[in-house]
Amino acid sequence: MSNAGGTSVLPAPCRQAGHRALLPLPSAPQFVARFRSNRRLRLSPVSASGHASRIPPTEARCFRALSGSRHRPPPLHRIRSGTPCCAYVEKMLVAETASPLDVHQKDREARIRKQLHKVELPPSPYDTAWVALVPLRGSPHTPCFPQCVEWILQNQHENGSWGINDFGSSANKNVLLSTLACVLALEKWNLGQEHIRRGLHFIGRHFSLVMDEEIAAPTGFNMIFPGMLSLAIGVGLQFPVRQTDIDGMLHQWKMELKRQAGEKSYGREAYMAYVAEGLGNLLDWNEVMKFQRKNGSLFNSPSTTAAALVHNYDDKALEYLNMLVSKFGGAVPTVYPLNMHCKLSMVDSLEKIGISRHFSSEIEGILDMAYSFWLQRDEEIMMDVATCATAFRLLRMNGYDVSPDELSHLGEASNFHNSLQGYLNDTKSVLELYKASKVSVSEHELILDNIGNWSGSLLSEKLCSERVQGLPILEVEYAVKFPFYTTLERLDHKRNIEHFDARGSHILKTECLPYGINQELLALAVEDFTFSQSIYQDELLHLDRWVKENRLDQLQFARQKLTYCYLSAAATIFPPELSDARISWAKNGVLTTVVDDFFDVGGSKEELENLIALVENWDEYHKDDFCSEQVRIVFCALYTTVNQLGSIASAVQNRDVKNHLIETWLHLLRSMMTEAEWQRSQYVPTMEEYMTNGVVSFALGPIVLPALYCVGEKLLGSAVKNQEYSELFRLMSTCGRLLNDSQGFEREGSEGKLNSVSLLVLHSGGSMSVEAAKNAIQKSIVASRRDLLRLVLKEGTAVPRACKELFWKMCKILHLFYFRTDGFSSPKEMASAVNAVINEPLRLSS
């Protein structure tokens, strides 16, 4: 690294002719102090909490990473005092003086942490009203749950309604449904005549909303509201509404009932049972009870379960409602249990907006519990399609051994369409299944392939016909266009923050609003991302100075790719405290680009041999060893940077790792020379020769491998020599080599270069077309990507999880860069991404 000032840190022998000598380097701690002195903002310490109590399953978790949760930042106790790792020095400095902003952030984190430990479900006036309608067994004129009746009497709004008002809106279909249910409950027990009068007038004033098809409605509203309206009229309630409007609504309801009666499917039966409270005596309640769950409920819905008890007494259903009232008092939630769904949704949100690392202990506890539920096939996870798919994806990506067999009942589209979610045309469930299908780690996971095929097609159809319900169309469009292995975390974080639903409501038969937790998540994410951007901007300025100090901008043959190289670092190794890893990644990315261009177009055979000889000798060279100024610039930049990064990495690892960095570079240069010699002699290698050399010459080694030492984990020398380490590198580089070859085939062909596509065609003897060769290459990319992900998630391996994830992060970068074109050679392809991550401030949607 260079210092932050204007003076050059290039050693004297590289600036001018001089005698043979080792290159003097500034000590690492001094260097860090200089670099950090120009920071505008200091890094707030990442909160670290103790481990929460967990429910550890007894079964082995073959994929659980021993190195810890992927959310957990590097533990501070692993960093030696005096380590020249920029972020840790900054942490120690800022810890001495906590600012008011730090205190405010900690308070916000504490509120989020509380909700992660215990989900608070808001009361549902609608469901409470239905529970209030249940009579005491043997005493039909006495409420079984008088505390629910009392809650209704005490919680009417001034305008006569009951329910959750939508940010200042006095009425919506959800509020109208809740108000009608509460009026029915009071009328049932002949209580609160003034409450009833005010409630009826509220419904009358806003009855036009009921008739408006353009206004969003809770699930089953068109079946439930008219049915309850008919029930209310039957008991003598009079609505200040034109009779023609009431007759029109009831006529449409009866027509819908007639249409429903003509359908015969499990999904239709489940739907009719789900909205049973609106159908009363029109249903066979014995058939409805077939959908009763182990906990006694119908669909975990208090309202449906209460309606069943009104028409058909059942001990288990009564036990369920007794449990609810005992737990929540006079007001019950709209769904229970919803604990696991809410917690998994929160974990997913924390990951999507980039703040999961602040809650690593809580997330680990939640996922442990979810894994336990998964192994037990608990209904709370398995009976809901979206929850099941989300659990599978989160558990697998966090290292738990989960089999897609539990999704086998959804392997065919027909099975989904025959479910309740399918009948409801639930886009959320389809989207979650599609995302789950993409975390495949084996070609044998055919269930995931099948789910991915039909769910992807269905989502595409919905987008074409604009029939996306319950989700923002942009969210669905983005998921279909960019599979998770083609996305960069910080880009995703920004997009998700800007489109985050701070209201966070979950609409079923009525609306469920969390207690302000989404606003807390959004505020913390905005603070975190904004602060990170200030760090990224400072780092990019430092890197720009480094390029100029090392005269890399004076090399006419070299592409100037600093911002792209830094983007790939900042967008993936995004936590502010991992500054050293980002700087290492970006600097080596720039250097590999320079060296690649030097071997491709910039250097003569003599210059290339000269550069390799200099690296082989490293410290032992003379002023006369440079055959050209180009060689001097390239070698001196390489020498200075590798020594400085090696010094930092060695301090973090508490052992000398500089020689490994030098060996990595030497390995790359020799492989590039091999390719240069092939081209000069017009030698046509076998596919095996090409790929063996190509995974090295693709130049990912000097970028990824040094950064492994700077992510806070101890990477032992034995791990670096382990076969797993080599395989991680091979799979990552294979993906990159083949992606580049597939997208750059025409460009490289015009330059007279061979690649894997052209080699397949040549060695086939004319039996394989270019298109067939590209298809074969694509299959190899998919196989390598799956194998890499499986190895990254595997438990008990020599390479720590945090280190393994860098290989996967690079794989994702490559998939994005080569998603449609040879992105690294297309100047405009990544421009918007660079600005989004580093420069452009957040623009929150209103």
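Of note:
- Within the stretch 228-266, considering residues that are aliphatic (A, V, I, L, M) and outside any helix (DSSP H, G or I), the one most open to solvent (accessible area, probe 1.4 Å): V235
- Any hit, the stretch 435-442, residues being open to solvent by 20 Å² or more (accessible area, probe 1.4 Å), in a helix (DSSP H, G or I), outside the structural domain of N222 (by the TED database) and under 23 Å from E477 (Cα atoms): yes
- Cβ pairs under 7 Å, 6+ apart, first in the stretch 575-603 and over 20 Å from E677 (Cβ atoms) and of a type in the set (D, E), second part of a helix (DSSP H, G or I) and at pLDDT 95 or above: D580/I648
- Counted residues, the stretch 597-616 - those being assigned to a helix (DSSP H, G or I) and touching a Phe, Trp or Tyr at 6+ places or on another chain (Cβ under 9 Å): 12
- Residue-level check: of (1) open to solvent by 40 Å² or more (accessible area, probe 1.4 Å); (2) in contact with a Cys (Cβ under 7 Å, 6 or more places away or on another chain), M732 misses just (1).
- Neighbours by Cβ (under 8 Å, 6+ apart or cross-chain): first from the stretch 345-360, farther than 20 Å from E120 by Cα; second among the basic types (K, R) and open to solvent by less than 20 Å² (accessible area, probe 1.4 Å): G354/R490
- When residues in the stretch 421-434 are screened for being crowded, with 23+ Cβ neighbours inside 10 Å and of a type outside the set (G, A, S), 5 of them pass.
- Matching residues, the stretch 656-694, being loosely packed, with under 14 Cβ neighbours inside 10 Å, touching a residue at least 40 places away in the same chain (Cβ under 8 Å) and of a type in the set (D, E, K, R): R680
- Among the residues listed as G752, G766, G796, the single one being closer than 30 Å to A649 by Cα, small (G, A, S) and modelled with pLDDT under 90: G796
- Taken together, the residues in the stretch 158-186 that are open to solvent by 40 Å² or more (accessible area, probe 1.4 Å) and in contact with a Gly (Cβ under 8 Å, 6 or more places away or on another chain) amount to 0.
- Hits in the stretch 475-494 (condition: more than 23 Å from S356 (Cα to Cα) and either among the aliphatic types (A, V, I, L, M) or at pLDDT 90 or above (or both)): E477, V480
- Any hit, the stretch 625-633, residues being surrounded by fewer than 17 Cβ atoms within 10 Å (Cβ to Cβ), free of Cβ contacts under 8 Å to residues at least 24 places away in the same chain and assigned to a helix (DSSP H, G or I): yes
- For the stretch 540-599, taking the residues that are open to solvent by 10 Å² or more (accessible area, probe 1.4 Å) and of a type in the set (F, W, Y), the one that is farthest from K809 (Cα to Cα) is identified as F557.
- Any chance E277 is at pLDDT 90 or above, under 16 Å from T219 (Cβ atoms) and either of a type in the set (D, E) or not in a helix (DSSP H, G or I) (or both): yes
Table: residues versus (1) surrounded by 19 or more Cβ atoms within 10 Å (Cβ to Cβ); (2) closer than 24 Å to L338 by Cα; (3) modelled with pLDDT under 95.
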position	(1), (2), (3)
L394	yes, yes, no
I447	yes, no, no
S455	yes, no, no
L463	no, no, yes
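- Each residue in the stretch 608-618 was checked for being surrounded by 14 or more Cβ atoms within 10 Å (Cβ to Cβ), under 46 Å from the mean Cα position of the chain (by Cα) and without any contact (Cβ under 8 Å) to a residue 60 or more places away in the chain, and 5 of them qualify.
- For the stretch 259-281, a tally of residues being farther than 24 Å from F416 by Cα and either free of Cβ contacts under 8 Å to residues at least 60 places away in the same chain or touching a Cys at 6+ places or on another chain (Cβ under 7 Å) (or both) returns 4.
- Some residue of the stretch 409-420 being touching an Asp or Glu at 6+ places or on another chain (Cβ under 6 Å) and open to solvent by less than 10 Å² (accessible area, probe 1.4 Å): no
- Under the condition of being crowded, with 21+ Cβ neighbours inside 10 Å and in a loop (DSSP other than H, G, I, E, B), the residues counted in the stretch 332-367 number 8.
- Of the criteria (1) surrounded by fewer than 22 Cβ atoms within 10 Å (Cβ to Cβ); (2) assigned to a helix (DSSP H, G or I); (3) in contact (Cβ under 8 Å) with a residue 40 or more places away in the chain, which one Y621 fails: (2)
- Residues located in the stretch 285-317, provided they are of a type in the set (A, V, I, L, M, F, W, C) and open to solvent by 50 Å² or more (accessible area, probe 1.4 Å): V310
- Tabulated pairs, the stretch 197-223, first at positive phi, second outside any helix (DSSP H, G or I), C-beta under 9 angstrom, 6+ apart or interchain: G220/V275; G220/L424; G220/L508; G220/K509
- Filter pass, L431 being under 26 Å from I813 (Cβ atoms), of a type outside the set (D, E) and at pLDDT 90 or above: yes
- Considering the stretch 458-472, and only residues there that are touching a residue at least 24 places away in the same chain (Cβ under 8 Å) and in a helix (DSSP H, G or I), the residue that is nearest to H815 (Cα to Cα) turns out to be L459.
- Entry remark, the stretch 636-686: residues being acidic (D, E) and either in a loop (DSSP other than H, G, I, E, B) or within 36 Å of the chain's Cα centre (by Cα) (or both) number 2 in total.
- So Y320, is it among the hydroxyl-bearing types (S, T, Y), touching a Gly at 6+ places or on another chain (Cβ under 7 Å) and either surrounded by 21 or more Cβ atoms within 10 Å (Cβ to Cβ) or outside the structural domain of L133 (by the TED database) (or both): yes
- E150 crowded, with 21+ Cβ neighbours inside 10 Å, over 43 Å from the mean Cα position of the chain (by Cα) and among the charged types (D, E, K, R): no
The values are calculated or read from the model by the stated rules, or taken from the named source; none is laboratory data. The structure presented is a predicted model; accordingly, all values stated were derived computationally and were not measured. Heads up, the Cβs are rebuilt from the backbone with ideal geometry, glycines too, and the neighbour counts pull from every protein chain shown. Remember, those area values only see protein heavy atoms, side chains included, never the ligands or the DNA or RNA. Shrake-Rupley method; radii C 1.70, N 1.55, O 1.52, S 1.80 Å.
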